[in-house]
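Below you'll find the structure, written out as structure tokens, and then a few comments.
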Amino acid sequence: MKREHFDFYGYNAPTWGGYYHDGVTYFLGEDFRSVKRYKEYKDIGFNMCLLQHDNGYNGEKWETCSTKKCMDVCQKVGLDRVIVEDKRLKELCKEPLLVGEGGKFKTEDELMAYLDECTKPYRDHPCFYAIQLEDEPIYKYLKEYAHVYRALKKLLPKAELQCNLLNMILHSQIAPDPNNLQTMDKDLADYLRYFVKESGIDYIMTDEYAFRGRNRVSPWTVPTFQVFANVAKELGIEARMVLQSFSQEACVTNKEKPGFLEGSVAWRRITEKDMYWQMNLALGLGFKEFSFFTYLTKAVKNFRGKWVGGAAIDGAALLNYDGTRTRLWYATQKVIREVKAFEPVIIKYNYDNAYFFFPEGKDQKSFDSSAEALLSDVKNIPISVKTPKYPVMVSEMRNGKSRMYMVQNIGNPIEELMYNKKATVLDIDLGELAGKAKFYYKGKQVERQLDGTILKEKLGIGQAIFIEVE
């Protein structure tokens, strides 16, 4: 797949204006399925639109359903690539057997007729682009999930199918045998290879939310990004990522609900620094499509009993419950604009490798963010970095003989947000590349003066400088 542009969208597009609290439905007084609200969704920088949950389709009367209403609004505002959640097709992805004796359908023709009937109402809409299939399928679903994918591609060869796969959070769910586990990165890579082989899909995609409760960065974020980048490179396909734009209260551990996350916050609030941290990491590892979870604050709260389930914190997504913009809305718009400005330069580059550097006397285990990073065994690293405080990742991308390097401070942004730590000055040794390098920062080409082969670059946590050598 050769791209000319990056894609951006948010989970979920504006809804009817309701939310659900302990099983009771409330209306906020405004139906957000309007030209004004969808233009606002587009204005943040999104060029695609996802319709799911209250906006999803489940076979109801087409002319009066929410999916059609939203697609019609998308057409008016110029969001001409819409992803439709079809809940019936999601359920198919979890069938133990789709076709054959004991299966959901006796023959492949019966399956194809069902898919044809399901998709008929929305597939000819001018804004129809894709169908969202089951989210985060566990390993045992992959074979039949892939069958659904192949059948839909046969029926609708020009349609995109959104398949968001699992990451490293649930090790036993990404392995074929939970009692015979490899290392988590190897089992995840095998899970991805198996799905690609079975489905014929030309990309892999996941969600990965770095910023946890207790002000930690998940140690599994960087390796999850790396595994997806490595497998995409190996198979010659594209990698896509869902970035964190929400905060959520945790479930309190108790005897009735064992295994739930402890504490009052499972994922902390996201700031502009965090958004740069995620986006630079994804750009540097060659990802080509970026979505954000969530756009609206999740509309479900549950405080019944001794546990809190799925309760999103108002004010921590891109829009509040009442539809007002948060600071993160503006920060995300800014970051997307910078990525789009950088797009003509970086989009032609594909990921090749990544290297890590640590302060003297420290190693990868000294920091949450790098604790499980996959360290390269490449010996002749073209760029080296001396870092006084934080872990640094250098990624290498290639386009023919040209190369693009990203040098990113991957420390924990909370150090600067709460503890008033300052940006750190890195000594970046470009070696023989020094006389050939062009530099880019926040989407723009910038001038830099070198001290011999050394670039002294002041980088806040999450920030990155990109270095092109043509």
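The values are calculated or read from the model by the stated rules, or taken from the named source; none is laboratory data. Just so it is clear, the structure is predicted and the values come from calculations on it, not from any experiment. Cβ placement follows ideal geometry from the backbone for every residue including glycine, while neighbour counts extend to all protein chains displayed. Keep in mind that these areas ignore ligands, DNA and RNA; they rest on the heavy atoms of the full protein, side chains included. Shrake-Rupley method; radii C 1.70, N 1.55, O 1.52, S 1.80 Å.
Side notes on the structure shown:
- Selection status of Tyr355, within 25 Å of the chain's Cα centre (by Cα), without any contact (Cβ under 8 Å) to a residue 60 or more places away in the chain, in a strand (DSSP E or B) and crowded, with 16+ Cβ neighbours inside 10 Å: yes
- Look at the stretch 370-389: where a residue is without any contact (Cβ under 8 Å) to a residue 24 or more places away in the chain, no partner that is in a loop (DSSP other than H, G, I, E, B) sits 6+ places away or on another chain with Cβ atoms under 7 Å.
- Test: residue in the stretch 305-313 that is open to solvent by less than 50 Å² (accessible area, probe 1.4 Å), modelled with pLDDT of 65 or more and in contact with a strand residue (DSSP E or B) (Cβ under 9 Å, 6 or more places away or on another chain): yes
- Residue within the stretch 140-163 that is closer than 30 Å to Asn412 by Cβ and either touching a residue at least 24 places away in the same chain (Cβ under 8 Å) or touching a Phe, Trp or Tyr at 6+ places or on another chain (Cβ under 8 Å) (or both) present: no
- Scanning the stretch 269-300 for residues that are of a type in the set (Gly, Ala, Ser) and at pLDDT 95 or above yields Ala282, Gly284, Gly286, Ser291.
- Residue count, the stretch 395-404 (criterion: open to solvent by less than 10 Å² (accessible area, probe 1.4 Å) and in contact with a Pro (Cβ under 9 Å, 6 or more places away or on another chain)): 1
- Test: residue in the stretch 253-264 that is open to solvent by 10 Å² or more (accessible area, probe 1.4 Å), at pLDDT below 75 and among the hydroxyl-bearing types (Ser, Thr, Tyr): yes
- Filter pass, Tyr209 being over 17 Å from the mean Cα position of the chain (by Cα) and touching a residue at least 12 places away in the same chain (Cβ under 8 Å): no
- Arg448 being part of a loop (DSSP other than H, G, I, E, B) and at pLDDT 95 or above: yes
- Residues (at pLDDT 95 or above and of a type in the set (Ser, Thr, Tyr)) located in the stretch 326-352: Tyr330, Thr332, Tyr349, Tyr351
- Inspection of the stretch 16-23 identifies no residue that is at pLDDT 95 or above and out of contact with any helix residue (DSSP H, G or I) (no Cβ under 8 Å at 6 or more places or on another chain).
- Tally of residues being more than 22 Å from the chain's Cα centre (by Cα) and at negative phi across the stretch 387-403: 10
- Qualifying residue in the stretch 42-49 (condition: in contact with a strand residue (DSSP E or B) (Cβ under 7 Å, 6 or more places away or on another chain) and at positive phi): yes
- Within the stretch 364-427, strands (runs of 3 or more DSSP E) holding 2 or more residues that are of a type in the set (A, V, I, L, M, F, W, C) and within 14 Å of Ile467 (Cα to Cα): 392-399, 402-409
- Meets criteria (open to solvent by 10 Å² or more (accessible area, probe 1.4 Å) and closer than 25 Å to Asp80 by Cα) for Phe105: no
- Residue count, the stretch 152-188 (criterion: assigned to a helix (DSSP H, G or I), open to solvent by less than 10 Å² (accessible area, probe 1.4 Å) and under 18 Å from Phe225 (Cβ atoms)): 2
- Candidate set: the stretch 201-215, residues that are hydrophobic (A, V, I, L, M, F, W, C) and in a strand (DSSP E or B); chosen: the one farthest from Glu238 (Cα to Cα): Phe211
- Members of the stretch 443-455 found to be within 21 Å of Tyr276 (Cα to Cα), touching a helix residue (DSSP H, G or I) at 6+ places or on another chain (Cβ under 7 Å) and open to solvent by less than 70 Å² (accessible area, probe 1.4 Å), listed by number: Gly443
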